[in-house]
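All remarks here apply to the structure that follows.
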Amino acid sequence: MTLLSPWWLLLIPLLYGVILLHTMHPQRHRVLVPSTLLWERVLRELEADARWHRLVANLLLLVQLAALLALILALTRPAFLYALIKQRHDIYIVDVSASMSAVDLEPNRLQVAKERLLDLIRSDRPRQVSIVTAGPQPELIYAGRGSAALINAALLRITPGAGDIYWPGVVARVHAQLTEQTVQVTFISDGAMDSHVVTDLVTAVGDTPLRLERVSGNGNNVGIIAFEARQRGASLSEYEVLVTLANYGAQAVEVPLTLSGRSGLIAERIVSLAADSVQSVIIPYQFQTQDVLQAVIDSQDALAIDNTAHLTAYPPTPTRVLLVGPGNYFLETGLSVFPQVRLERRLLYPEQSDYPLVVFDRIPIPEDFTGTALYLAGAPADRALGARRTPQVTWYDRTHPLTRFIAWNDLYLQQAFNMPRLEGARILVESEAGPLLQLVRNNDQRVITLSFALEESDWPLKVSFPIFLSHLLRWAHPEGWEFVRNPLTVGDSLTLPAAFAQDRGWTVRLPDGSLVQVAKEDGPTFRDTRQAGVYTVVAEDNEFYFAVNAGGVTESDIRTRLHMPTGSFVDGAETQGAPATLSWIFALLALFLILLESWLYTHRVRRPVHTDMPLRTELWNQWRRIRAKRG
Amino acid sequence: MANKPLGELLDNRFLRQLEHLRLVPGRAATRTDMGDVASRRLGTSVEFTDFREYQPGDDFRTIDWASLARLDKLFVRLFRADENLQLELHIDASISMEFGSPTKLAYAVQLAAALGFIALHHGDVVSASVFGRQPQQRFAPARGRQAIVRLFRFLTETQNSGGTDINAALGRLAKEGVGSGIAVVISDLLDSNGYAAGLDALLRSGRQVALIHLLSPAELNPATIGDFEWIDSETKESVELAVNTETLAVYRETLTAWLTEIRSYCHRRRISYFQVDTATPVDQLVLRHLRKGGLLA
């Protein structure tokens, strides 16, 4: 017997309340009558039937107690028979995120979670078991009849991940395992996550109850939650390295921080962190060439994986821009401001070009184009759509990297073509004539369409024009503008550089030294970023590095943020028609007993209270004796 | 009933109807004086009934001289005596009689007035008493139509007498008076000590007894359901009872058994018994039920 809502058993003391009600003296109407002669005879007549009467009165009490008990049991949602009838299937989700490697539980949280999982399977006794790991790369590690040996073997393969949970992956795997026989889904976790994830899970499991099992320790941890670098000054090589530390413990600590690069030690700091605080350390650094920076803190905390972080840097490369068209004075003048730009001009688009940015000036974009393009409208097809004179900008996206920091509503446009919204386009600037600037992203191409001719506006004369070009160049070719490549977090994917591809594909060396092959047929996307550290893409004569870090605001904070009692069910799931078949049986029983009680009271109990409660009578007699003595 | 105008006691139409009624005496009829009622006893009226042999002490005036001449034996002539009827009206005026609408006491007073009127109208002797635990108020024996007003005045001034002890009150009344005649007891008999001893005492004293048993509709057919604490109006004792339909059924069974017990007792003692619902109009009771029951003719 499994009680899905056992806390309703707290209502059992109400049974004593029913007994108490039976012992209470009822409120009677006092009526003056000529004589009680006949009523006394009636009373004697009834008392002659006292045995039956007492029996019925006691029966009434028993029926009331049984009805209340049945009601309470209905609320506890017993599911024993349901499990037997339905060939019970349970899904267990084990949190394998970075926080589960914390050693504040012996030997670590994940091991405790595994043991808890085995205990639960033993007590739940499901016929079918599915086990899903919830980590940066969720997996279904077991689905079968619940063989202990196979489950143990599957659990042995689980190791704590280095990053946060990829919830869409978890939800997809759990959803795929749900069947009509699924009784409940159990999530075993340390609760070091935001509570909104439970909402996602509830959505995934639908009507199936979601149970939470928590394994958590004290949660004291100091970690590197961010390792970044930003340009300082006009020089492309001068940077400020930013290391952000967080102390999620209850006590203040002093942590030694070491920053080093390929050339050796860069800086050492002692960082004082108050309890539950965050602090950033800024260290100036000038990059000279390709480099890998490493930040390390020496902290005896529960989670070691976020005590190290990496950052990779490469010298910027020139940005090659191809202008396809008869020539555009304003555009060419604007691009010439940027020394990193190498501008080439052609009348036709050459096949298989590798320009980071191609500008199609009033020339249609070929269908087989791949890469990033800026399309300046004005081709005959665009003119056929017609134009609106002096349209006003009505809206623009203030957050997009291409349009931010620009006052688009200050533009004066002589006319703009009535360009329609392209399929799948994101509108960046909109006017009365329609979209002025829109972005279409497909698998292999990114196209920005400008719906007016530069010479038919005052835009090239405004400051916002070179700002837009700067945004465009950085967005299209960040490698030409930044030494530093932003590090990935565990579970992220990366597009491998085409220049490092070999005949069959790419070879990637993982932080633990093992090699992974990525076939060209599978595309340049690399997803196996389960480990934190520096990954190396190995080519014949060169190597490319990228860093994957474990720490972060969510993963380094290994304190329990999901405040649910262990063993409890999420409210959302509980109210969506849980498999409480027995609840209905008990509810019907309670209803029947209430009806029986009503019938007994109306038809059988002649004196429901007065003389038939020995306890009350005895108390009454005692009180009368005491009163007689005092009187 | 205090201070109730005499005119309201019985209306004229009813009184005119009563003038045609007479009390029907049973085996006992008090002979106080020569009266208008033919007695079963042999007496001195002009109505011949029988002969018997002369016995010493017989009135010579009753010797039948013709028989002596013809048979040479002394016979005396017997005549039906004309006697006055003694009517005693005993009214229960306990507090329990103050219930009902009209109250049982008011009903009893009206009934007693009607019976008294009949008796006095025909020259019979009428006395009356009101009792509770003991006889409280008395109307001395009176005769003649001129006593009607006094009787009515006595009845209108009837007050309730507190608790009830029917046996004690009737026992004491039995020892008083002439010891014969018709004793009409009007009561609800709601006395936990019973009524039999008192009625037996009246019977032993030679009276013909008629019992008119008044009960109000609420007593005959209670319909109230709920949890009650019934308080006795006389003893102030209480009975707690949850009244439901089944309790009411038991009440009705108990009432029927009680009434049967009273009726059976009266039948054995040859007491004329009338169980009266006070919802029955007094004129209907007198003109129909009491005549049918043989008390009036």
Checklist entry - Considering only protein heavy atoms, what is the solvent-accessible area of residue A:520 at a probe of 1.4 Å, reported in Å² to the nearest 10? => result 100 Å²
Checklist entry - To one decimal place, what orientation-averaged projected area in nm² is obtained for the convex hull of the Cα set of the stretch B:89-202? => result 6.2 nm²
Checklist outcome for this item: Counting other chain Cβ atoms within 10 Å of each Cβ in B:222-228 and taking the mean gives 3
Checklist entry - Can you list the aspartates and glutamates whose alpha carbon sits under 20 Å from that of residue B:236, skipping same-chain ones fewer than 8 residues off? => result A:40, B:92, B:98, B:165, B:188, B:191, B:219, B:227
Checklist outcome for this item: So the A/B interface buries, both sides summed and with a 1.4 Å probe, an accessible area in Å² (nearest 100) of 3100 Å²
Item to check | Net +/- balance of residues flanking residue A:506 in space, Cβ distance below 14 Å, scoring K and R +1, D and E -1 | outcome: -2
Next on the checklist: Using a 1.4 angstrom probe on the protein heavy atoms only, could you order A:166, B:265, B:273 from most to least accessible area?
Outcome noted: A:166, B:273, B:265
Item to check | Relative contact order (%) - criterion: Cα under 8 Å, at least six apart; region: chain B | outcome: 20 percent
Checklist outcome for this item: Relative to the compact-globule estimate 2.2 N^0.38 Å (N residues), the Cα gyration radius of the stretch A:491-545 stands at a ratio of 1.02
Next on the checklist: Quick query: amide H of residue A:139 versus all other amide H atoms, modeled in the peptide plane; which residues come in under 5 Å with a sequence gap of 5 or more or a different chain?
Outcome noted: A:133
Next on the checklist: Could you compute how much accessible surface residue B:288 exposes when probed at 1.4 Å, giving the result in Å² to the nearest 10?
Outcome noted: 140 Å²
Next on the checklist: Rolling a 1.4 Å sphere over the protein heavy atoms, what is the accessible area per residue of chain A, to the nearest Å²?
Outcome noted: 49 Å²
Next on the checklist: If amide hydrogens are placed 1.01 Å from N in the peptide plane, which non-local residues have theirs closer than 5 Å to the one on residue B:162?
Outcome noted: B:95
Item to check | Overall Cα dimensions of the stretch A:319-480, principal axis frame, Å, largest first | outcome: 37, 31, 29
Next on the checklist: Order A:388, A:41 by their accessible area, 1.4 angstrom probe, all chains in place, largest first.
Outcome noted: A:388, A:41
Checklist entry - Straight-line reach from residue B:73: which aspartates and glutamates have Cα under 20 Å away, leaving out those fewer than 8 places along the same chain? => result B:50, B:53, B:58, B:59, B:64
Item to check | Cβ-based charge dipole, the stretch A:491-545, positive-most Cα from A:518, A:545, A:533 | outcome: A:533
Next on the checklist: Taking 2.2 N^0.38 Å as the expected size of a compact globular protein, what ratio does the Cα radius of gyration of the protein assembly as shown give against it, to two decimals?
Outcome noted: 1.96
Checklist entry - What are the ³J(HN,Hα) values, in whole Hz, obtained from phi via the Karplus relation 6.51 cos²θ - 1.76 cosθ + 1.60 with θ = phi - 60°, for each residue of the stretch A:62-67 in sequence order, with x given for Gly and Pro? => result 5, 5, 5, 5, 5, 5
Checklist entry - For the protein assembly as shown, which whole percent of the accessible surface, found with a 1.4 angstrom probe, sits on carbon and sulfur atoms? => result 53 percent
Checklist entry - For residue A:282, what is the net charge nearby, where nearby means another residue's Cβ is under 12 Å from its Cβ and Lys, Arg count +1, Asp, Glu -1? => result +1
Item to check | Local electrostatic count at residue A:323 - Lys and Arg +1, Asp and Glu -1, tallied over other residues with Cβ under 12 Å | outcome: +2
Checklist outcome for this item: Taking B:121, B:213, A:175 and ranking on accessible area (1.4 Å, protein atoms only), highest first, one gets A:175, B:121, B:213
Checklist entry - Across peptide B:243-254, how many C-beta atoms of other chains are within 10 Å of each residue C-beta, on average? => result 5
Checklist outcome for this item: Over the protein assembly as shown, the sum of -39500 (n - 2.57) across DSSP H runs of at least four, divided by residue number and rounded to 500 deg cm²/dmol, gives at 222 nm -8500 deg cm²/dmol
Next on the checklist: Could you derive backbone 3J(HN,Hα) for the stretch B:155-169 from the dihedral phi with the Karplus parameters 6.51, -1.76 and 1.60 (θ = phi - 60°), listing whole Hz in sequence and x where the residue is Gly or Pro?
Outcome noted: 5, 5, 9, 5, 10, 6, 10, x, x, 10, 8, 4, 4, 5, 5
Item to check | Under the Karplus curve 6.51 cos²θ - 1.76 cosθ + 1.60, θ = phi - 60°, whole-Hz ³J(HN,Hα) for the stretch B:251-266, x wherever Gly or Pro sits | outcome: 4, 5, 5, 5, 4, 4, 5, 5, 5, 4, 4, 5, 5, 5, 4, 4
Checklist outcome for this item: Protection proxy (average C-beta count within 10 Å per residue), highest first, orders A:545-556, A:265-276 as A:545-556, A:265-276
Item to check | Sequence-distant residues sharing a close amide H with residue B:22 (under 5 Å, placed H) | outcome: B:297
Checklist entry - How well do other chains shield peptide B:94-101, expressed as the mean number of their Cβ atoms within 10 Å of each residue Cβ? => result 2
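The values are calculated or read from the model by the stated rules, or taken from the named source; none is laboratory data. Not measured: the values here are computed from a predicted model. Cβ coordinates were reconstructed from backbone atoms using ideal geometry, including for glycine residues, and neighbour counts include every protein chain displayed. Ligands, DNA and RNA are stripped out before the accessible areas are found, and what is left, the full protein with its side chains, is counted by its heavy atoms. Shrake-Rupley method; radii C 1.70, N 1.55, O 1.52, S 1.80 Å.
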